[in-house]
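Written out below as structure tokens is the structure these notes cover.
The values are calculated or read from the model by the stated rules, or taken from the named source; none is laboratory data. Only a predicted model underlies this, so the values are computations on that prediction, with no experimental measurement involved. All Cβ positions, glycine included, derive from the backbone under ideal geometry; neighbour counts span all protein chains shown.
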Amino acid sequence: MIVQESGVITGISIAENIALGEINQFGKYGFLRKKQVVDKAREVLATIGVTDIDPSLPAASIDLQDRKIIEIAKVWAKSPELFIVDETTTAVSQRGRSILYDLMKQQSAAGKSVIFISHDIDEVMEVCDRLTVLRDGNIVKSLPRSEFSLDIIKQLMIGRELQGDYYRSDYDGSYPDEVVLSVKDLHGFGLTGVTFDLHKGEILGIGGMSHCGMHPLGKMLFGILQPQNGSVKATDGSQIKDVATAMKRALGYVSKDRDSEALIPLAPIRDNIVSAGIDLIAKGGLFVFPTTEKAFSKKQVDDFQIKCSSDLQFINQLSGGNKQKVVFGKWIGAQSKVMILDCPTRGIDIGVKQAMYQLMYKLKQEGVAIIMISEELAELIGMSDRLLIMKNGKISKEFARSADLSESQIIDYMV
């Protein structure tokens, strides 16, 4: 099984991760023959078409997308009769998706089975022979491929027809002239001279292939990564040099890697929500009273309709969609005026996605500036006032919001 969240142990090598559970076969007289472990891992990676990852490296040295490829290799090395894939494609690059789809076809052709768990209706319709829809822990219906229908599947998933717009229905793409974030000539972490301005009440989309530099860019804007050259300045002209400065300037950041970077899994919902807005509820900047903390947390739980037993329930017991609601609630509660969203709809169902899109549009109307980094062109086209496409660490093209903008127009500037 390939699990939804991270299944890689970062404190050991890539090769040791692939050999996990079977490491004893590489031992002799109580010693581990590391060269054999690395050679075997290299062989396994080659069988799935990956030759550019050095298995001798520490697992912590590669990014989230490549870690998922390592998980795929680890499972595939065991020649499973039943191959279970849980929400994996939301965390991999396009290359990773191609590898996974090919392996699923091989599994099926060999007379073996695949259970593919996904919120992405398009890919389910593309790769699956049969679909079983679950809602609130119950099986709603099973459909053979001949009965697949986008509208029917959506209705089965959320228990009703989607009400209101999914993406935005307007195409004016207007926003005020006021600049709230100014990015000048950023270099480092794969970026080579990225420059743009973000305006009050603007939804600025940033897209491209997974390794184009857009994910490090998001971290750089929030002060997590420091550029070699260039600057990120807030509306008052102050430079965003670290996370503390970013938060003081009312910036919020929703990470692509939700469990590792956006949440504390082994802590209650309340602690996670309050963590970003602690300064707003601390009396005299020193004291936080339980009643105030509870009220602050409850408002976000209620506003976002987070499904939980109480706000004292631990994060690791929530579904992906409810975890993402907690992340949004944390930054909305902190009254963020600039929201940096990196793959904000990764691993959540279509009903929650629609709610997130509607929230983004509401925030825009309230004057909040949003940067939406995404590998999904449909949501970038559907939500952005302006769209920047990145390639090889640079902005290769800018598109204005338009009813005529299509994925085919954009792809040429990505690859």
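Tell me, which residue of the range 113-145 that is among the basic types (Lys, Arg) and in contact with a strand residue (DSSP E or B) (Cβ under 7 Å, 6 or more places away or on another chain) is nearest to residue 99 (Cα to Cα)? Of everything passing the filter in the range 113-145, 130 is nearest to residue 99 (Cα to Cα).
Yes/no matrix, rows are residues, columns are (1) of a type outside the set (S, T, N, Q); (2) free of Cβ contacts under 8 Å to residues at least 40 places away in the same chain; (3) under 20 Å from residue 166 (Cα atoms):
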site	(1), (2), (3)
331	yes, no, no
342	yes, no, yes
359	yes, yes, yes
380	yes, no, yes
392	no, no, no
399	yes, yes, no
402	no, no, yes
415	yes, no, no
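Within the range 225-249, if we keep just the residues that are without any contact (Cβ under 8 Å) to a residue 60 or more places away in the chain and in a helix (DSSP H, G or I), the residue that is surrounded by the fewest Cβ atoms within 10 Å (Cβ to Cβ) turns out to be 244. Within the range 97-112, the set of residues being surrounded by fewer than 22 Cβ atoms within 10 Å (Cβ to Cβ) and in contact with a helix residue (DSSP H, G or I) (Cβ under 7 Å, 6 or more places away or on another chain) comprises 97, 99, 101, 103, 104.
A quick yes/no check of all residues on (1) more than 27 Å from residue 72 (Cβ to Cβ); (2) modelled with pLDDT under 90; (3) not basic (Lys, Arg); (4) not assigned by TED's automatic domain parsing to the domain that holds residue 79:
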position: 114; (1), (2), (3), (4): no, no, yes, no
position: 120; (1), (2), (3), (4): no, yes, yes, no
position: 135; (1), (2), (3), (4): yes, yes, no, yes
position: 139; (1), (2), (3), (4): yes, no, yes, yes
position: 147; (1), (2), (3), (4): yes, no, yes, yes
position: 150; (1), (2), (3), (4): yes, yes, yes, yes
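The single condition from (1) loosely packed, with under 13 Cβ neighbours inside 10 Å; (2) at negative phi; (3) not assigned by TED's automatic domain parsing to the domain that holds residue 372 that residue 167 fails is (1).
Quick grid of which residues meet (1) under 30 Å from residue 116 (Cα atoms); (2) of a type in the set (Phe, Trp, Tyr); (3) buried (at least 22 other Cβ atoms within 10 Å of the Cβ):
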site: 336; (1), (2), (3): no, no, yes
site: 350; (1), (2), (3): yes, no, no
site: 370; (1), (2), (3): no, no, yes
site: 387; (1), (2), (3): no, no, yes
site: 396; (1), (2), (3): no, no, no
site: 401; (1), (2), (3): no, no, no
site: 415; (1), (2), (3): yes, no, no
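Within the range 199-222, the set of residues being in contact with a helix residue (DSSP H, G or I) (Cβ under 6 Å, 6 or more places away or on another chain), in a loop (DSSP other than H, G, I, E, B), modelled with pLDDT of 95 or more and not aromatic (Phe, Trp, Tyr) comprises just one member, 201.
Does residue 187 meet the test of being outside any helix (DSSP H, G or I) and in contact with a Pro (Cβ under 7 Å, 6 or more places away or on another chain)? Yes: the conditions hold for residue 187. Within the range 191-242, the residues that satisfy the criterion of being among the acidic types (Asp, Glu) and more than 23 Å from the chain's Cα centre (by Cα) are 197, 236. Residues in the range 390-415 that are under 21 Å from residue 192 (Cβ atoms) and either under 18 Å from the mean Cα position of the chain (by Cα) or outside any strand (DSSP E or B) (or both): 390, 392, 393, 410, 412, 413, 414, 415.
A count restricted to the range 252-279 and to residues that are within 25 Å of residue 217 (Cβ to Cβ) and assigned to a strand (DSSP E or B) stands at 3. In the range 255-300, the qualifying residues are those that are surrounded by fewer than 21 Cβ atoms within 10 Å (Cβ to Cβ) and of a type in the set (Val, Ile, Thr), and the one that is nearest to residue 345 (Cα to Cα) is 264. Taken together, 317, 313, 305, 300 contain a single residue that is under 18 Å from residue 336 (Cβ atoms) and either at pLDDT 90 or above or small (Gly, Ala, Ser) (or both), which is 300. Could you please find all residues in the range 363-376 being closer than 20 Å to residue 324 by Cα and either at pLDDT 95 or above or hydrophobic (A, V, I, L, M, F, W, C) (or both)? Hits for the range 363-376 are 363, 364, 368, 369, 370, 371, 372, 373. Of all the criteria given as (1) touching a Pro at 6+ places or on another chain (Cβ under 7 Å); (2) on the phi > 0 side of the Ramachandran plot, the one not satisfied by residue 230 is (1).
Taking the criterion of being hydrophobic (A, V, I, L, M, F, W, C) and either out of contact with any strand residue (DSSP E or B) (no Cβ under 8 Å at 6 or more places or on another chain) or within 20 Å of residue 200 (Cβ to Cβ) (or both), the residues of the range 333-353 that qualify are 334, 338, 339, 340, 341, 348, 350, 352. Selection over the range 281-312 of residues that are assigned to a helix (DSSP H, G or I), without any contact (Cβ under 8 Å) to a residue 12 or more places away in the chain and not charged (D, E, K, R) gives a count of 4.
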